[in-house]
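Computed from the coordinates by the stated procedures, all read-outs in this text should not be read as laboratory data. Source: prediction; values computed, not measured. We place every Cβ from the backbone using ideal geometry, glycine too, and count neighbours over all the protein chains shown.
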Amino acid sequence: MAAKPIWAVGRRKTSVARARISAGSGKITVNQKDVTEYIKNGEHLVRRALEPLFTLDARDKYDILLNVSGGGVVGQVGAIRHAVARALVAFNEAFKPALKKEGFLTRDNRMVERKKYGLRKARRGTQFSKR
C-alpha cells in the first residue's frame, strides 16, 4: 500500500481524465464538483464511472480527485473509469487481476473516423441521381 497520493491517466474517445487517489473516506471530486453533481445525465453513468471501485468493494476506502477534459459525457465517463482503474492498480498491485478480468484496464480505442475529401461524412457519399 502506498501512503502518498498516486496519479493515473485514463482516456476514451477524445476525453482525458487524470485521477489522484489516496486513502480516505470515499470522497470523489470531478473538476472541483461532487461526482453526482458533475455527471447529471443519470445514476447509471455515475455507477459506470465508478465501476472499478464497486468491483473491488472499495467505494468508501479511497478519496479520488479527477480532472476531466475533452469529449462528451459518455466519453468522459469512460475516461474516468479507465483512470480510476489504473490509479487503483498503481495504489495496490493486488487489484490488477480483478480489474483486468472485468476489462477496466483496457483502453477503448474506438474513435470517430475522420471525414474524407469528396464525401459528405467519413464514408457517406453524395446521393446519386440517375436523371
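Normalised by the residues of the chain, what does the relative contact order come to in percent, with Cα pairs under 8 Å and at least six apart? Show your work: numbers first, answer last.
Details: 234 pairs, mean separation 42.1, N = 131.
Across the chain, relative contact order equals 32 percent.
Seen from all sides and averaged, what is the projected area of the convex hull of the Cα atoms in the range 45-131, in nm²? Kindly include the intermediate steps, with their values, before the conclusion.
Details: hull surface 34.0 nm².
Orientation-averaged projected area of the Cα hull: 8.5 nm².
At a 10 Å Cβ-Cβ cut-off, how would you order V16, V84, V74, fewest neighbours first? Kindly include the intermediate steps, with their values, before the conclusion.
On the way: V16 19, V84 26, V74 14.
Ranking V16, V84, V74 by Cβ neighbours within 10 Å, fewest first, gives V74, V16, V84.
Give me the angle, in degrees from 0 to 90, between the Cα long axis of helix 73-91 and the longest principal axis of the Cα atoms of the chain, rounded to the nearest 10.
Once rounded, one gets 40 degrees.
Given 37 °C and 0.692 mPa s, how large is the Stokes-Einstein diffusion coefficient of the range 6-102 in µm²/s, with Rh as the Kirkwood radius over Cα pairs? List each step's numbers first, then the result.
Details: Rh = 12.9 Å.
Translational D for this selection: 254 µm²/s.
Which one of A98, G125, P52 is farthest out on the positive end of the charge dipole of the chain, using unit charges on Cβ (Lys, Arg +1; Asp, Glu -1) and the Cα centre as origin?
Value computed over the given set: G125.
Work out the length of the dipole vector of the chain about its Cα centre, built from +1 on the beta-carbon of each Lys and Arg and -1 on the beta-carbon of each Asp and Glu, and round it to the nearest 20 debye.
Numbers: 29 positive and 11 negative charges, 271 e Å.
Taking the Cα centre of the chain as origin, the dipole is about 1300 debye.
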